[in-house]
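First comes the structure, then the notes that go with it.
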Amino acid sequence: MFQRARLALAASFAAALALTVIAIGLAAYVLARNGLDRQINESLDSASAQLMNAYSFGDDGRPPANNSGGNTVSNPPSRGNGPDFFDSDGDLRATGLSSDIFVVVTNAAGNVQGNPRQIDIEGFHFDQLAAQAGSSLRRVDVNSLGTRYRIATFPSPHNDGDYLHVGRSLEARDHQLNTLAVVFALGGLAGLVVSAGGGWWLAGRALVPIRRSLETQQRFVSDASHELRTPLAVVKANSELLLRHQDATIEANLDQVEAITVETDHMARLVEDLLTLARVDEGKANLVREEVDLGALLQEVGRDMGVLAEMHQLTLNVETTSVEVEADRYRMRQLAVILLDNAIKYTPAGGTVTLRCQRAGRHAEFSVADTGPGIPDELQHRVFDRFYRTDSARHRAGGGTGLGLAIARWIAEAHGGRITLESKPGAGATFTVRLPLD
């Protein structure tokens, strides 16, 4: 079950990361492409503007002749202050234009009138470009002999029927975008592999507390079933025995009736403890706080538990001072009863149990100490676990449910305090509760 859950979590993590990487990669690719396209378009528009502002064509697509000498003007006049685009032979040249820009002059039929950069124009359909441009500037991507170009075509502002084709190769742009795509693809694939491994590891870590919680729940259910099974078996056995002797008097079956009563009381305490812990787990075990004289409350508990101590042939000493705390009276009494009952249960006859209460700085402190066998160091961290008993035989001679100390820890912590244990084998145990006064 956990392996399937771990695999599902790892796959979900990897899928989420992959989608994120793909989205980021696509966004970066689109931004890079748009940036390169914008740069190319701006360069084409700038060159087109220079040509339109600086160049005037003659009727034949060449500069006008000098009437006085009959020779071609080597430096024809420019419109505005733009650069001179003619060489000494009157051919269009690209002086002042970027080196990666080329210009081709054609008529509407696509016949070339000028090609100053002498680019290979095979495969260009200038007639189609001119027809698409019409009377305005138009940018078109074309493919000629395996090389892509972007060409801005617009009609001559001075010679009707002529068109200027300002172009730029897209080879560098396509190379950059292809390289970027390869980098994103390889990086994304590597990231997916790493994320899958990382997701598997993280899923394993994330499932640890869930696994522990489930194991604790399963152990809790098993322990609760174990605790209930024995008293139910006793009740059932004694009930069947009573049914076999229906004519006998109650006095004759007093042992069976008493056994049923004892086991019923045990089950009632167990169910009550289970309900308390269930409310704790659900966060519904609310406290009713009020001002409580902790010393006086513990005196009452000591008096009531004194009878039980005498039954076990123990001495119960109560040493308290008045300390006012804001607490739930019922829960605080329950906490003291749990600790005293636990001490009395595990202290041999002739021993002593001592209940103390005092003020310790900004805390109220009370403790229950016994002269019992103590608790080994390696077991002390588990005494507050549910259904845990230090004796492996799990005997029920004392009538406990194994939930008392778990409830005691919750009561102390719910009041903002804590409960600690000090014990050495053969030297008894001391449980101390510290509660804040402010």
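Tabulated data for the structure shown
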read-out	value
Unit charges at the beta carbon, dipole of the chain: most positive-side option, Val30, Tyr330, Leu51	Tyr330
Within the chain, helix-based [θ] at 222 nm, where runs of 4 or more DSSP H residues each add -39,500 (n - 2.57), nearest 500	-17500 deg cm²/dmol
Chain lengthening between Leu202 and Arg229 when straightened (0.36 nm per residue, less Cα-Cα)	5.7 nm
1.4 Å probe accessible area per residue over region 153-249, in Å²	62
Highest-first arrangement of 30-36, 278-284, where packing means the average Cβ count within 10 Å	30-36, 278-284
Angle between the chain longest axis and helix 329-346 axis [Cα atoms, degrees, rounded to 10]	60
All aspartates and glutamates inside 19 Å of Lys345 as judged from Cα atoms, apart from same-chain residues fewer than 8 positions distant	Glu227, Glu263, Asp265, Asp273, Asp304, Glu310, Asp370, Asp385, Asp391, Glu422
Accessible surface of region 179-263 [probe 1.4 Å, protein heavy atoms]: carbon and sulfur percent	65
Reported label for calculated volume of the Cα convex hull per residue in Å³ given (i) 141; (ii) 160; (iii) 302	(iii)
Contour minus Cα-Cα distance for Asp127 and Ala8 (0.36 nm per residue)	36.8 nm
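The values are calculated or read from the model by the stated rules, or taken from the named source; none is laboratory data. The structure displayed is predicted, hence computed values, not measured ones. A quick note on method: Cβ atoms are made from the backbone with ideal geometry, for glycine too, and the neighbour counts reach across all protein chains shown. Each accessible area value is taken on the protein alone, full model and side chains, heavy atoms only, with ligands, DNA and RNA left out. Shrake-Rupley method; radii C 1.70, N 1.55, O 1.52, S 1.80 Å.
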